[in-house]
Structure formats: C-alpha cells, structure tokens
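Worksheet for the structure shown next.
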Amino acid sequence: VPAINIAQSIGTFTGGGTYANLRDLGNGRTLVLLDGQRLANNANDGNAVELSGIPLPAIDDVQVLREGASALYGSDAIAGVINFITKKDYQGAEFDASFDHPQDPGGGSGNANFTFGHGDLLSDGYNIMVTASYSGQQERRATQRSFTAYGFDPALGVASTNDPGTWP
C-alpha cells in the first residue's frame, strides 16, 4: 500500500525497531491493531508498536484506515489505523529462506521463515499454528571495501576518516 511508510531505523538509537508511520506524522500517531485489538507500545520507543514482533507468516490480511480515526480510537490514531488479521484455519507446513552473499567479504545476510498449522476449528474444534523466523546480517567494515579502506592520508590527498585507527 503506497500510503504506508514502514522504515527500519538505521543510524538512530531505536534498537533497530520497525514502526508504522502513516503520513509521516510520527510513529506514535499510527494505531496498530492485531485482530482488532490494540498492541502494546515498544518498551524502547514508548510511543509506537514495533512491527517486527508480529510474525508475518501468520498474517492473512492487512487492513489500513488511512483517514484520521482519533474520534473512534483516540489520539494515537490521528494518522490512521493498521489492523493485522491473522490466519484462523491454517493447515500444513511452509518453509522459505533467502540468503544474500556479496562478491566482496562482509555484509552477507539471510532470513528464514517456518510455519506449521494443524486442526480445523469447524470439524476438530481447535487449530494450532506455530511460526518461527530467523534474520541475520554480517558486519561489513569500511576496511573491507577498497573505496572506503583508506584513512586520513594527506600525502595521497585522502581526507576520509573511515579507518578506525586514524584521527582526525
């Protein structure tokens, strides 16, 4: 949905959280629901729900109310409401994985998702669903790339300070 801006914060201290920010009014102005129920705000941010805590393989549908809904939901819905609907009758198993490996050392990443569901609410009276996710990324240092490996070297005309052992 083009009106949703889900951005992962890099370079600021948010704990690497992922937050919903409709209309760029701030993380705390978009209300996030799970099956119509409010989710608790992230302890680190305090203003917003961290979306990476919602298991994406368990999501069946996403409903977005783009208009301000503060009259109905309160002041934390000024920018709008996002409601994540979970799967209710998932049966079977699913596994997907992706791995990225750059040509040069460092910066590789990978993620994997596993979902398992069993039972039918109508015929069995129960349904259980288990999801697991893994995501990781290798560190990439400036010294691992030729264009950022130089430190401060006035004789070569290099004024970069990317090398951790040089100053200024």
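The values are calculated or read from the model by the stated rules, or taken from the named source; none is laboratory data. Note that this is a predicted model, so its numbers are computed, not measured. Positions of Cβ are generated from backbone atoms using ideal geometry, with glycine treated the same way; all protein chains shown enter the neighbour counts. The protein model used for the area step is the full one, side chains on, heavy atoms only, and it has no ligands, DNA or RNA in it. Shrake-Rupley method; radii C 1.70, N 1.55, O 1.52, S 1.80 Å.
Which residues, taken from region 31-40, are open to solvent by less than 80 Å² (accessible area, probe 1.4 Å) and part of a loop (DSSP other than H, G, I, E, B)?
Answer for region 31-40, where residues must be open to solvent by less than 80 Å² (accessible area, probe 1.4 Å) and part of a loop (DSSP other than H, G, I, E, B): D35, G36, L39.
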Worksheet entry | Residue in region 101-115 that is closer than 21 Å to I59 by Cα, loosely packed, with under 13 Cβ neighbours inside 10 Å and at pLDDT below 85 present | no
Check whether at least one residue in region 44-56 is farther than 30 Å from Q137 by Cβ and either touching a residue at least 60 places away in the same chain (Cβ under 8 Å) or open to solvent by 80 Å² or more (accessible area, probe 1.4 Å) (or both), and report yes or no.
no
Selection from region 122-168 of residues at pLDDT 80 or above and loosely packed, with under 13 Cβ neighbours inside 10 Å yields L122, S123, D124, G125, Y126, I128, A132, Y134, S135, G136, Q137, E139
